[in-house]
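Some notes on the structure that comes next.
The values are calculated or read from the model by the stated rules, or taken from the named source; none is laboratory data. These figures come from a predicted structure and were not determined experimentally. For neighbour counting, all protein chains shown are included, and Cβ atoms are generated from backbone atoms with ideal geometry for every residue, glycine included.
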Amino acid sequence: MQDNKETTAASVTDSNMNIDAISPPVLTEIFDSFSEAVVVADTSRQIVYVNSATESLFGYSKDQLYGHETKILYADEHDFSEQGKKRFNPTSKISAETYRVAYQRMDGGMFLGLTTGSAMHSSEGALVGYIGIIRPARTSDQSLDTLQQVHAIASDVSLTDTQKIDAVLKVGLSHFGLEVAIQARIKGSEYLVEHCIDHYEQLTPHTTFDFSETYCAHTFHASGPIGFHFAGESEIRNHPCYRNFKLESYIGIPLEVDGKLYGTISFSGYSPTEPFCKDDYILMALLADTVSYIIYRKTVEDKLLELARTDELTGLANRRSTLERLREHAKLSYRSGGYLTVLSIDLDFFKKINDNWGHSAGDAALVGFADIAATLGRDIDFCGRMGGEEFIFVLPNTDSRGGVNLGNRLRERLAAAPIKLDNNESVTLSVSVGVAMLEKGESLESLLARADEATYAAKRGGRDRVCISELNN
Ligand SMILES: Nc1nc2c(ncn2[C@@H]2O[C@H](COP(=O)(O)OP(=O)(O)OP(=O)(O)O)[C@@H](O)[C@H]2O)c(=O)[nH]1
């Protein structure tokens, strides 16, 4: 995180500088990375320095401003002369003060600016010039505009959920004129950054923090938005969040998804800002509602997708998803030349279970088989149900010998652990297994057909056994 920057005009006055010492190169070094516009004028109020943020905010280039009176920036000449009487004159005793005034951009557009302005004095106390630090102030019009933007984002069907959340954070960030926006998930003591925008590009999604040391520790259990416009002068100045991150301005709100506390969204900056007002808190509530809804919808979609991929009875991957995953592994294998082995598994005499004890006993046997199969193999291996009492095991980076081993381990486990049926009977399952390893240039259809043929061979050979398929057999 960024070190705290002293942005008050008073700190400039304190540093005993005179107007010669604050030549544009020196000022550029100090102020060019500021996100606020910084304007320095000499004693006759002629501009001698502006930073890059001034160029972006007002639309003028530095050269177009240097040598002009600061009047060029004001929307109303009257304000220019009033400010001259109040603070930008040799007799003014005001050191640094924050006020709102209307400014005008080069293209004629006007905006309300929150300005911290003061006179600058040499170490001998002589007036050497004036400095103004300007950021756009928030207005009701702006809140309305922000709301319209959020609405447009939420209803834009071309955006993914991630793009929508990022866009909402961006809009909020620019509304508050701050530097860091975060949508976080909070689980126990972990604060996980799910989405973020950082003006300084230091923070990235997936970063975690100790929740108790974040600003959101004040927000997560709050009943609504919480704001600190000048943290260093607030009750949180001794909290680890302020010590660790030195963010002066912060506004955050808890996120509830499907009626449960989920995390927070927050906007923060390294400089103090104008006090947050009722409009800001209302806007935060609407931003939170929008983001919560996006997360909720994504969660539901993810669940539906999971359901569409899962076999309802056994909880294993269903046929479609098994084939999809197998196809992915085959692509990797084609590319890397790594092994890929498939086991085609068929339960033996399964019809008898249905015939003897009914369909629900058959179902219980299938579930019992799946529970055993799911515990076999490495993390990367997986078992899917292809239909009925047919399953396949996919073993990436494994040759056919490894496949035979797994098939025999499965047989041993089934033999050693009779499956309890729901009628208090138990049944010992056996399986016929066909093993086939993907050969160079072989299609998936051919691989699966060979595995099936090997299974039939196992059936023909007396069941409860593993047969291996060789391509040229
Ligand atoms: N309970 C239950 N039975 C199923 C399900 N899907 C398929 N079956 C039954 O599984 C049985 C498969 O029978 P067969 O193809 O003759 O195979 P088998 O009895 O295992 O005999 P072999 O494969 O030759 O050892 C049929 O009775 C199907 O109705 C299911 O989801 N639940």
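Quick notes on this structure:
- Any chance Leu421 is more than 16 Å from the ligand (Cβ to nearest atom) and either more than 20 Å from Leu313 (Cα to Cα) or modelled with pLDDT under 95 (or both): no
- Among the criteria (1) modelled with pLDDT under 95; (2) farther than 22 Å from Thr310 by Cα, the one Phe382 does not fulfil is (2).
- Any hit, the stretch 324-332, residues being within 16 Å of the ligand (Cβ to nearest atom) and at negative phi: no
- In summary, Leu286 fulfils each of the numbered conditions (1) among the hydrophobic types (A, V, I, L, M, F, W, C); (2) more than 18 Å from the chain's Cα centre (by Cα); (3) surrounded by 20 or more Cβ atoms within 10 Å (Cβ to Cβ) with the single exception of condition (3).
- Applying a threshold of 7 Å to beta carbon distances and a minimum spacing of six or more residues, or different chains, the list of pairs starting in the stretch 360-380 at a residue that is in the same structural domain as Leu406 (by TED's automatic domain parsing) and ending at one that is among the polar types (S, T, N, Q) and modelled with pLDDT of 95 or more reads Leu366/Thr314; Val367/Thr314; Ala370/Thr314.
- Hits in the stretch 85-123 (condition: more than 43 Å from the chain's Cα centre (by Cα) and in contact (Cβ under 8 Å) with a residue 60 or more places away in the chain): Ala119, Met120, His121, Ser122, Ser123
- The set of residues in the stretch 382-401 that are away from the ligand (no atom under 11 Å from the Cβ), under 23 Å from Tyr456 (Cα atoms) and assigned to a loop (DSSP other than H, G, I, E, B) comprises Thr398, Asp399.
- Within the stretch 31-68, the set of residues being in a loop (DSSP other than H, G, I, E, B) and crowded, with 17+ Cβ neighbours inside 10 Å comprises Phe34, Ser35, Glu36, Arg45, Asn51, Tyr60.
A quick yes/no check of all residues on (1) surrounded by fewer than 20 Cβ atoms within 10 Å (Cβ to Cβ); (2) out of contact with any Lys or Arg (no Cβ under 9 Å at 6 or more places or on another chain); (3) among the polar types (S, T, N, Q):
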| site | (1), (2), (3) |
| --- | --- |
| Phe369 | no, yes, no |
| Asp379 | yes, yes, no |
| Cys383 | no, yes, no |
| Met386 | no, no, no |
| Ala416 | yes, yes, no |
| Ile419 | no, yes, no |
| Glu425 | yes, yes, no |
| Thr428 | yes, yes, yes |
| Gly434 | no, no, no |
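Okay, residues lined up against (1) in a strand (DSSP E or B); (2) farther than 17 Å from Ala317 by Cα; (3) within 16 Å of the ligand (Cβ to nearest atom); (4) not small (Gly, Ala, Ser):
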{"position": "Asn356", "(1), (2), (3), (4)": "no, yes, yes, yes"}
{"position": "Asp371", "(1), (2), (3), (4)": "no, no, yes, yes"}
{"position": "Glu412", "(1), (2), (3), (4)": "no, yes, no, yes"}
{"position": "Ala436", "(1), (2), (3), (4)": "yes, yes, no, no"}
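- Among the residues of this structure, Glu274 counts as one that is among the charged types (D, E, K, R) and either assigned to a loop (DSSP other than H, G, I, E, B) or under 30 Å from Thr115 (Cβ atoms) (or both).
- Selection status of Ala457, without any contact (Cβ under 8 Å) to a residue 40 or more places away in the chain, part of a helix (DSSP H, G or I) and either of a type in the set (A, V, I, L, M) or at positive phi (or both): yes
- Filter pass, Asp346 being closer than 20 Å to Arg413 by Cβ, touching an Asp or Glu at 6+ places or on another chain (Cβ under 6 Å) and within 16 Å of the ligand (Cβ to nearest atom): yes
- Among the candidates Ser336, Ser360, Ser292, residue that is among the hydroxyl-bearing types (Ser, Thr, Tyr) and either within 15 Å of the ligand (Cβ to nearest atom) or under 25 Å from Asp452 (Cβ atoms) (or both): Ser360
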